[in-house]
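Have a look at the structure below, then the notes.
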Amino acid sequence: MSLLDALREAVGASNVLVDDDLKSSYETDWTGRFSGSACAVVRPADTAEVVAVIRACAAAGTPVVVQGGNTGLVGGGIPAGGEVLLSLTRLTDLGEIDPAAAQVTVGAGVNLSALQRHARSLGLDFGVDLAARDSATVGGLVATNAGGIRVLRYGSMRAQVVGAEAVLADGSVVSRLGGLAKDNTGYDLVSLLCGSEGTLGVLTRLRLRLVPQLRARAVALVALPDTATAVALLPALRGTLPDLVAAELFLPAGLALVRSYAGLPAPFAAEHPVYLVLECAGASDPTEQLVEAVAALPSLLDATVATDAAGQRALWAYREQHTEAIAAVGVPVKLDVSVPVGSLPELVDRLPDVVGTAAPGARLVVFGHVNEGNLHVNVLDAGDGAEKVTDAVLHLVADLAGSISSEHGVGRAKVPWLSLSRSATEIAAMRAVKNALDPAGLLNPGVLLP
Ligand code: MLT
Ligand code: ZN
């Protein structure tokens, strides 16, 4: 039987896409930077169908690229050419919430918004949130160990995952969905799959921790003289704001792009060097707490606090619309890096020179998650200097003892630079794990490991 026939038998002919116009939305990433042709896009509906697809691909020796909501930013879910693209967006089971454990089991194709609505229907919430919530799937969020805007309070995706079901490269299924809060019986395979970028197994179901829904919110936008001040304020903010859930940074270049893209008014009468969005959320109204803490901030240039939902959305828009506003202008070189938080000001200060030297005339837009020292470095109009810019920025980050990927993953985009963040011994250990679980290199070849 041909591979296509085996795939049709596995998932039904209507879920094996081979026409170029049907495949195309899966074959290019959201920014338009990564593109590749799949021999077929296959859309299984459950774990048994994923097993059948993996077995068919293994028998044919055809590699598989795994894709969730296609919101990735490093090309990790985009084919290099000729693979079967396994789309998991039909795995949308929303299990019953266990209120005693505050946990739920969901399909890998459930998007973040649907999970949030599900949790909120019982007065609970999900700890991870990010701007791509309407498209990003839980499986993709786990596979990349996504971070987002609430890491300060709840940690990254790995901290939300209690269990997982995954199909391995030989078609066998690992299933740990029991939801035990304590379980020290050897290697933590679930945690290993988290952040493995589809290279070790195909996540099909996830057991997730839920948190109490915090309905009372207050959001402030504060203007500061520089990034060093923003970083210096962190201990005081964490100390005086027990309800702090987010501290997000952006700069004038990004604000200007967002304002022209979304038609937003200026937040303040004057332009300022650095902006921070602060959000507090609690069981009771955190407005007073936030207003007092902001008023006491040294070096404050300006501030505004929103207490109603519309005002809060308006302040968040300045930060959350950055990604779309940048993409509307062109295809950026997107680098997602982190440094020890104390080195964040040095990174921000040195970037313009480093980028300007690598790609004269390029436009730099940075923003990020200040508490984690995580900066999103976007470079527009780099022309043929894209690789030089990447190399220069990632070396700067390595010089500052940082990571070449803070939350987006390595994907295809950063494979050549992996050794800036991982020692030869670590890479050899990762390769040994990959070879043990996927000796034929069936899953996401060319992603994460060279
Ligand atoms: C964000 O924090 O908004 C995301 O990581 C997306 C991006 O970097 O563009
Ligand atoms: Zn981010």
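Please treat every number below as a calculation from the coordinates, not as lab data. Being a predicted model, the structure only gives us computed values, none of them experimental. Note: ideal-geometry Cβ built from the backbone for every residue, glycine included; neighbour counts use all protein chains shown.
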Kindly identify segment 330-425 as rounded, prolate or oblate by the Cα gyration tensor criterion: order the square roots of the eigenvalues as a ≥ b ≥ c, call it rounded if a/c is under 1.5, otherwise compare a/b with b/c, prolate if a/b is larger, else oblate. oblate
Computed [θ] at 222 nm, helices only, for the chain once each DSSP H run of length n ≥ 4 contributes -39500 (n - 2.57): -10000 deg cm²/dmol
Using the Kirkwood formula on the Cα atoms of segment 193-239, what hydrodynamic radius do you get, in angstrom to one decimal? 15.6 Å
What share of Cα pairs, in percent, lie more than 22 angstrom apart in segment 3-87? 18 percent
With θ set to phi - 60°, apply the Karplus curve 6.51 cos²θ - 1.76 cosθ + 1.60 along segment 62-77 and write out the HN-Hα couplings as whole Hz, x wherever there is a Gly or Pro. 9, x, 10, 10, 9, 9, x, x, 6, 10, x, 10, 10, x, x, x
Can you list the residues, at least 5 places off or on another chain, whose amide H is less than 5 Å from the amide H of residue 163, using H built in the peptide plane? 207
Env charge @ residue 56, Cβ radius under 15 Å, K,R +1 / D,E -1, value -2
How do 1, 157, 430 rank when sorted from fewest to most other Cβ atoms within 10 Å of their own Cβ? 1, 430, 157
Alpha-carbon spread of segment 100-199, three principal axes, descending order, Å: 35, 29, 23
Listing 2, 37, 343 from the residue with the fewest other Cβ atoms within 10 Å to the one with the most, what is the order? 2, 37, 343
Dipole magnitude of segment 366-450 about its Cα centre (Cβ charges: Lys, Arg +1; Asp, Glu -1), debye to nearest 20: 300 debye
Find me the longest stretch of the chain that has none of the exposed trypsin sites (Lys or Arg not before Pro), where exposed means in a DSSP loop (not H, G, I, E or B) with at most 13 other Cβ atoms within 10 Å. 216-450
What does the net charge come to around residue 81 if you take all other residues with beta carbon closer than 15 Å to its beta carbon, with K and R at +1 and D and E at -1? -2
With Cβ to Cβ distances under 13 Å as the rule, what net charge do the other residues near residue 193 carry (K, R +1; D, E -1)? +1
Give me Rg/Rg_expected for the chain, where Rg uses Cα atoms only and Rg_expected = 2.2 N^0.38 Å with N residues. 0.99
Cα pair distances exceeding 13 angstrom across segment 335-383, given as percent: 54 percent
Under 5 Å between amide H atoms, partner at least 5 residues away or on a different chain: which partners does residue 302 have, H built in plane at 1.01 Å? 223
How big is the charge dipole of the chain about its Cα centre, in debye rounded to the nearest 20, if each Lys and Arg gets +1 on its Cβ and each Asp and Glu gets -1 on its Cβ? 540 debye
Can you bin segment 209-263 into rounded, prolate or oblate? Criterion: square roots of the alpha carbon gyration tensor eigenvalues sorted a ≥ b ≥ c, rounded for a/c under 1.5, prolate for a/b above b/c, oblate for the rest. oblate
